[in-house]
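Beneath this line is the structure, given in structure tokens, with notes to follow.
FYI, it's all coordinate maths here, none of it is from the lab. What you see is a predicted model; the values in this text were computed from it and never measured. FYI the Cβ positions are ideal-geometry reconstructions off the backbone, even for glycines, and counts take in every protein chain you see.
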Amino acid sequence: MKDLIKACRPKQWTKNLLVFAAPFFSFSTSFDIWFSSFICFISFCLASSSIYLINDTIDINSDKIHPYKKYRAIASGRISIKKAIISSLLIFAASLLIASSINNISAYIIIIYFIIQIAYCFRLKNEPFLDIFCISSGFLLRAIAGVKSANFDFSPWFLLSIGLLALFLAIEKRKAELQNVINMKIKTRKSLNRYSLSLLNRAESIVSTSAFMSYSLWAVGPSINGSTKGPMIITIPFVLLGIFRYQLITDPKERVRREIYNPNVNPEKPEEILLSDKGILLSILGWLLSIAFIGFLK
């Protein structure tokens, strides 16, 4: 059971916090709204765990030669393929049942998420750019599910910002994987054969700029169907600083320096960087504190 829980990657629960974006940025204090968002959060935790089990089952051969992934429960043989598949189906069934208890739309979003991720696991992860769009779609669907579970009408600028920032992190993840292929001469993903660092750098530039602009448009306020509060514009510097900081610490030269002092941070896992780098944590803290301050300006 312990190995099964690890294979479900409970540490990835932070990704599912996006379902709380709608009530948080609407400054809602309604218990019913937050409770619905929490139920949605549980549903996505289960759905994403189900996908991880399927993905690790499909990738078992490539994971065995990967410097980090070879220690996963399925790749190392601690969990059988049969047990992983059965567990995945049961966990997804539980996720769908929980989402249905909120409303039908939440259940549909879980189904759409599952279909996209299954397509990613079996085929689309081998197709350049379609793979990173699949990854980022999961984050966007989490945010949309949070909106619908709380029955909110939310700004399209903010949803676009979430989708673009997720796309930015997906590109950074592929850059880290490609750098490992170049350094270690180990091919772990077919799509990496058609990527180059220069190509991903150009894509990163476009996406990071677009993400910053869409967030800025949302932060301007209700005049352009953005945030319900105009002062949200003071949060923009923290977002820009966070993007710059992430680009700095994932730069190849900086990665070499950081691996000397902090070898436990895996650059292929954006969540580890987001939760371990002091500069990014300070940017997030400043961002949250400024939002909290704005929330009290009622």
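Can you give the log10 of the normalised intensity I(q)/I(0) at q = 0.10, 0.11, 0.15 Å⁻¹, computed with Debye over equal Cα scatterers of the chain? These q points yield log10 I(q)/I(0) values of -0.57, -0.70, -1.30. Taking segment 1-153, how many lysine pairs are there with alpha carbons less than 18 Å apart, if each pair must be eight or more places apart or span two chains? Counting lysine pairs in segment 1-153 gives 17. Neighbour counting of Cβ atoms within 10 Å sorts the residues TYR68, TYR215, fewest neighbours leading, into TYR68, TYR215. In angstrom, the C-alpha Rg and Dmax of segment 1-153 are 16.0, 49. Comparing ILE135, ILE39, ILE234 in a Gaussian network model of the chain, where Cα atoms under 10 Å apart are tied by springs, the biggest mean-square fluctuation is seen for ILE234. When a/c is below 1.5 the answer is rounded, else prolate if a/b is larger than b/c, else oblate, so apply that to segment 88-212 with a ≥ b ≥ c taken from the square roots of the Cα gyration tensor eigenvalues. Note, shape of segment 88-212 comes out oblate. Here the relative contact order of segment 1-153, from alpha carbon pairs under 8 Å that lie six or more residues apart, stands at 34 percent. Can you tell me which of GLY230, GLY163, GLY146 moves the most in a GNM of the chain? Springs connect C-alpha atoms under 10 Å apart. Result: GLY230 has the largest fluctuation of those listed. Its relative contact order, with pairs defined as Cα atoms under 8 Å and 6+ residues apart, puts segment 149-237 at 34 percent.
Fewest neighbouring Cβ atoms within 10 Å first, the residues THR209, THR29 line up as THR29, THR209. Dipole size of the chain about its Cα centre, with +1 on Lys/Arg Cβ and -1 on Asp/Glu Cβ: approximately 920 debye, rounded to the nearest 20.
Placing pseudo-labels 7 Å out from each Cα toward the beta carbon at ASN126 and LEU274 gives an inter-label distance of 3.0 nm.
Using only the alpha carbon atoms of segment 89-129, find the Kirkwood hydrodynamic radius as the inverse mean reciprocal pair distance, in angstroms to one decimal.
11.0 Å
GNM remark for the chain: springs join alpha carbons under 10 Å apart, and the peak mean-square fluctuation among ARG72, ARG142, ARG202 falls on ARG202.
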